[in-house]
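Colleague: I have a structure here, written as C-alpha cells, and I will follow up with some questions on it.
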Amino acid sequence: MEKIKRSLLVGGGHTHIFLIKQFCLNAIPGFKVLLVSDSNYQYYSGMATGYLEGFYSLDEISFDLKKLIMILF
C-alpha cells in the first residue's frame, strides 16, 4: 500500500498561493496539498493604505480563495 504524503498550508497568503500554483503545474503523484483558512477571502496588505485612502475598493484588494483554487485545479 502506497502512503500518501500531505502538506498542510494554513492561510492563503502569497507564498501558499504560489506553492499551490506550482503544485498544479508540476503535480507529484501520491502527494496532496490542503489549504486551510478562516476566511473565504485573502486581502492584499500592500494595497491596504490605498484602500483606507479611498483609492481602491475592497474588491480590488481581495480575492476569493475558493474560486482561485477551483480555477487552478
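Derivation of every value follows stated rules applied to the coordinates shown; laboratory data play no part. None of the values given here were measured: they were computed from a predicted structure. As a convention, Cβ positions derive from the backbone with ideal geometry for all residues, glycine included, and neighbour counts pool all protein chains shown.
Colleague: Can you work out which of the residues in the stretch 25-73 that are part of a helix (DSSP H, G or I) and small (Gly, Ala, Ser) is surrounded by the most Cβ atoms within 10 Å (Cβ to Cβ)?
Modeller: 50
Colleague: Another one. Return yes or no: is residue 21 surrounded by 10 or more Cβ atoms within 10 Å (Cβ to Cβ), touching a residue at least 24 places away in the same chain (Cβ under 8 Å) and in a strand (DSSP E or B)? Lay out the reasoning, then the answer.
Modeller: Values: surrounded by 10 or more Cβ atoms within 10 Å (Cβ to Cβ): yes; touching a residue at least 24 places away in the same chain (Cβ under 8 Å): yes; in a strand (DSSP E or B): no.
When the stated conditions are applied, residue 21 does not pass them.
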